[in-house]
Every structure is written in C-alpha cells, then in structure tokens.
Amino acid sequence: MQIDWSAAERFLSYVDGEESVSRLWNHPAYDVVREHAAVLGRDVTPEGISEAVDGEPDAFPGLEGFSETRPRIVRLLDRVRSREREWTDEIERHLRRVVPNAETSDVTVYLGVGYEIGVGVRSGAYVNLNEPLFLRAPRQLLYTCVHESSHVLYEGEHDALDRLGPRPMEYDDQRAVWNTVFHTEAFATYAPLELRRSDGNVGGCDHVICDDYAVLSDSERLRTLVEEYDSVRERISRESLSPDEMVSRLFGGSRLPYRVGCALLEAVERRDGPDAVRDAFSTDPVEFPTRYDWALDEYRA
C-alpha cells in the first residue's frame, strides 16, 4: 500500500496561485471525494473549493480556518513523510488482522486538504489534514488511515456500492442499506482498535471519533445504544425512512454502526478469537447483523 501526499501539496500550490483549480480537481484523490459524495447525494465542485478558499462559508466542507492551520498542516505532512514506512507497515498489519487474505498492494491513502475527516471507497482512501484532531494529535491520523483503508478492502470484497446503486440512501431495500453500512463501519471502527489500545488511545479526547472507543468501556451507554439500534432495525422492517433520516441514523447522532458494530466485533473476538472476526468480514453484509446478533445480548435487558 502507499500513502500519497501529492493532493495536499497540489492544494497548497493552488492556494499559492501555482496550480489551477481544474488541475487540483483532476487529482485522483478527488475521484475518492466525488465517489463518496455521490453516495450521500452531495454536490461537490471545483468552484466550491475556490469559493471556500476565498472565505465563502459552507462552499466546500473541511476547509474552515485553513489560513491559520496551514503551517501546522505543512508540519503534519513532514511528519508523515518521515514515518511513511512505519505507518504503511502498521496500516497493513492491522488490516490483515481483520481482513482475510488482505491484499493491500493497490490500496492508496490520499492526504488532502478539505472535505470529510476521512472517507474510503473502492478507488482509495482520503483523509483531510485540516482536521483539528489530526493537527493536535498526529497519531489519530494513523488510526483514521487504518479505518478508511478497511473500507477500500471492504468494497473489493463485497462490491457494496455497486450492489446498492449510485444513490444508496434512496435504495428501496433499506434493510440492505442499513445492514451493509453497519457491516463496513463496524469493521472500519474495529480495525485500529488493537493499535489504539497498544498506544493507550481508546477514548481520552473530546472528539466524536474518540468517543466511538470510549463507549466500549461503558456498559450502561452500550445498553442504551443497543436498545436504540434494536428500535431502528425494527422500524426499518415495517416502514421507510427518508434519505435524510437514513443518513442521520447511519452517520450522525448516536453513530450506531460505529459504536454498536465495534462492540459486536469485540464480543465475537472475545468469545471465538480473531479467526471468527475474519470470518465475519466475509459474511454477506445483509445477513451479518442477524448472524452475529447474539454478540449484543449481553447489553440487552
């Protein structure tokens, strides 16, 4: 696998007037951005980048405060360059721990500036260096690289986006959408868990991502989350959610696929070992939550 920082460098060159926005937009890192945006029905454009750089609020996500954070982004880039082999080795090791026969040679993590904290699709992973969490704690960037790289391998294994179509949040079979997102986010959250634990970084900071891990040691919160998870699944079985509510339920609020999904896989490994987790990765996404539902029983009344 490889870490590619040329998108971030090209962005900095664009801001300095040395590159055109069209050349920036043609970087393969933005293939990842566009593919992910399409999944959520978002409209991202090169004009949005230009407007955001010029100070237009909400024109393009993830560029807030860039003029102040730029020096720290440059230092973060230098840090990643100096640790490239160490980081790629760590990412590959933790992917192989959860993905059976993981083939990582074609996985690229693009370092960019702007958009979401991190995303991963078939064409690669993308992380936003203008994320305050990474700027104050660079090790968090490594964990996110593991998380997003797992999505790349997941797409290679399951063809999830192809199966659900170009706008999955509008797909008629909402059970398939829910279960597939739950499956991939469970593994993406679980993939860096061992590394986080060895570093002593399971929770411990004021950020939504850190809270995904802090909750694992809070059985009362997990009981509440599993109750909510059961309620949402039951509701989807009898009625349709709007696309906006589906997005909110999957990726916002209580972050059920991340938190309940990771707790489920932790329980699978605790009872049956790492091989069982790798078997769960290969399970059909639509059947995964039902097949492994037993792992959540300890959080039910």
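Values computed for the structure shown
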item: Failed criterion for Thr144 (all others in (1) open to solvent by less than 20 Å² (accessible area, probe 1.4 Å); (2) in contact with a Lys or Arg (Cβ under 8 Å, 6 or more places away or on another chain); (3) of a type in the set (Val, Ile, Thr) hold); result: (2)
item: Within the stretch 274-301, considering residues that are of a type in the set (Val, Ile, Thr) and part of a helix (DSSP H, G or I), the one nearest to Leu95 (Cα to Cα); result: Val277
item: Residues being assigned to a helix (DSSP H, G or I) and surrounded by fewer than 16 Cβ atoms within 10 Å (Cβ to Cβ) - total across the stretch 193-213; result: 4
item: Pairs with Cβ under 7 Å, 6+ apart, first in the stretch 179-206 and under 16 Å from Gly118 (Cβ atoms), second at pLDDT below 95; result: Val181/Leu250; Thr184/Ala160; Phe187/Val98; Tyr190/Val98; Ala191/Val98; Arg196/Val202
item: Criterion violated by Arg72 - all others in (1) in contact with a helix residue (DSSP H, G or I) (Cβ under 8 Å, 6 or more places away or on another chain); (2) surrounded by 17 or more Cβ atoms within 10 Å (Cβ to Cβ) satisfied; result: (2)
item: Number of the exception - Arg255 against (1) among the charged types (D, E, K, R); (2) farther than 26 Å from Asp159 by Cβ; (3) open to solvent by less than 50 Å² (accessible area, probe 1.4 Å); result: (2)
item: Flag if Glu92 is of a type in the set (Asp, Glu) and either more than 22 Å from the chain's Cα centre (by Cα) or open to solvent by less than 40 Å² (accessible area, probe 1.4 Å) (or both); result: yes
item: Residue within the stretch 225-234 that is loosely packed, with under 14 Cβ neighbours inside 10 Å, assigned by the TED database to the domain that holds Tyr292 and either outside any helix (DSSP H, G or I) or without any contact (Cβ under 8 Å) to a residue 60 or more places away in the chain (or both) present; result: yes
item: Of all residues making up the stretch 51-66, the number that are farther than 20 Å from Trp5 by Cα and in a helix (DSSP H, G or I); result: 2
item: Complete set of residues in the stretch 237-252 that are assigned to a helix (DSSP H, G or I) and open to solvent by less than 20 Å² (accessible area, probe 1.4 Å); result: Met246, Leu250
item: Scan of the stretch 12-31 for residues that are in a helix (DSSP H, G or I) and farther than 19 Å from Glu84 by Cβ, ordered by number; result: Ser13, Tyr14, Val15, Val21, Ser22, Arg23, Leu24, Trp25, Tyr30, Asp31
item: The stretch 166-183, subset of a type outside the set (Asp, Glu) and open to solvent by 20 Å² or more (accessible area, probe 1.4 Å), residue nearest to Asn201 (Cα to Cα); result: Arg175
item: Sole residue being within 18 Å of the chain's Cα centre (by Cα) and either among the small types (Gly, Ala, Ser) or surrounded by fewer than 17 Cβ atoms within 10 Å (Cβ to Cβ) (or both), chosen from Ser150, Ser82; result: Ser150
item: So Pro61, is it free of Cβ contacts under 8 Å to residues at least 24 places away in the same chain and at negative phi; result: no
item: Sole residue being among the β-branched types (Val, Ile, Thr), within 23 Å of His27 (Cα to Cα) and in a loop (DSSP other than H, G, I, E, B), chosen from Thr69, Thr104, Thr88; result: Thr104
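The values are calculated or read from the model by the stated rules, or taken from the named source; none is laboratory data. Please read all numbers here as calculations on a predicted model, not as lab measurements. As a convention, Cβ positions derive from the backbone with ideal geometry for all residues, glycine included, and neighbour counts pool all protein chains shown. These accessible areas exclude ligands, DNA and RNA; they are computed on the full protein's heavy atoms, side chains included. Shrake-Rupley method; radii C 1.70, N 1.55, O 1.52, S 1.80 Å.
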